[in-house]
Amino acid sequence: MSNDSRSTFLRPFSVDELKTEAKMDVEADASERMALSARLKVVSVDRLAGSLRLTRELGAIIRLHGLLNVEVTQSCVVTLEPLQ
C-alpha cells in the first residue's frame, strides 16, 4: 500500500475479470483507520466497513453500488471533548 495520504483505504479490483457482477465486503484495518483519522483530522475512525457490488453494464461501463458503515469520534470545537 502506498504512503500517499489519498490512497489510505484502497481495494484494487481488476475489472477486466468482471463478467457480469461481483460482490465484496471491505473493512479498514487498524492502521488504515489511524491514517484516515489523521487525514480527516478527527480523534479516531473506529469502524469503516462496507458491502459493495460491481456490475458490468454496457461494454466498459461499470456501476458500483455500496453501503458503508462508519463510526467516527471527533472533538467538540468548544470543549475539545471527544464526541461520537
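The values are calculated or read from the model by the stated rules, or taken from the named source; none is laboratory data. Given the structure is predicted, the values throughout are model-derived calculations rather than measurements. Backbone-built Cβ (ideal geometry, glycine too); neighbour counts: all protein chains shown. Ligands, DNA and RNA are excluded from the accessible area calculation, which covers all protein heavy atoms including side chains. Shrake-Rupley method; radii C 1.70, N 1.55, O 1.52, S 1.80 Å.
Residue selection: S14 fails the criterion of being polar (S, T, N, Q) and modelled with pLDDT of 90 or more.
Can you find, within segment 16-29, the residue that is surrounded by the fewest Cβ atoms within 10 Å (Cβ to Cβ) among those that are in contact with a Phe, Trp or Tyr (Cβ under 9 Å, 6 or more places away or on another chain) and of a type outside the set (V, I, T)? By that ranking, first place goes to M24.
In segment 5-28, is there at least one residue being touching a residue at least 12 places away in the same chain (Cβ under 8 Å), part of a helix (DSSP H, G or I) and of a type in the set (A, V, I, L, M, F, W, C)? There is at least one residue in segment 5-28 that is touching a residue at least 12 places away in the same chain (Cβ under 8 Å), part of a helix (DSSP H, G or I) and of a type in the set (A, V, I, L, M, F, W, C).
With respect to the stated conditions, E32 is open to solvent by less than 90 Å² (accessible area, probe 1.4 Å) and among the charged types (D, E, K, R). Looking only at residues in segment 1-11 that are among the hydroxyl-bearing types (S, T, Y) and loosely packed, with under 13 Cβ neighbours inside 10 Å, the one that is modelled with the lowest pLDDT is S2.
Any chance you could count how many residues in segment 41-65 are surrounded by 12 or more Cβ atoms within 10 Å (Cβ to Cβ) and in a strand (DSSP E or B)? So the count comes out to 14.
Evaluation of A22 against the conditions (1) at pLDDT 90 or above; (2) within 15 Å of the chain's Cα centre (by Cα) shows that the sole unmet condition is (2).
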